[in-house]
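Inspection log for the structure reproduced underneath, given as structure tokens.
The values are calculated or read from the model by the stated rules, or taken from the named source; none is laboratory data. Note that the structure is a prediction, hence the values are computed from the model and not measured. Cβ: placed from backbone, ideal geometry, glycine included. Neighbour counts: every protein chain shown.
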Amino acid sequence: MARLTNRPTDKGLSITLKRSPIGTPSTHRLVLRGLGLRKCGQTVVRPNTSQVQGMIHKIFYLLEVKPL
């Protein structure tokens, strides 16, 4: 199994909320808050760590993710 690590060349991830969380499970909304996303269209920059990637994986259908 490949391990996700933070390489020195990785600047981070740009994460944008593309869909409304209305109607999603409450745990998915809590993950959005944990990433710092509150409004549709809002973009945040987070480090490329395994914890952040796990959060993204849980709510991938709401997000657009781009590497920096």
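Please verify whether region 1-11 includes one or more residues that are modelled with pLDDT of 95 or more and touching a helix residue (DSSP H, G or I) at 6+ places or on another chain (Cβ under 9 Å). So that I can check it myself, show each step before the final result.
In the first step, residues of region 1-11 are kept if they are modelled with pLDDT of 95 or more; the result is none.
No, the conditions are met nowhere in region 1-11.
Flag: residue 50 does not match the condition of being among the hydroxyl-bearing types (Ser, Thr, Tyr) and without any contact (Cβ under 8 Å) to a residue 24 or more places away in the chain.
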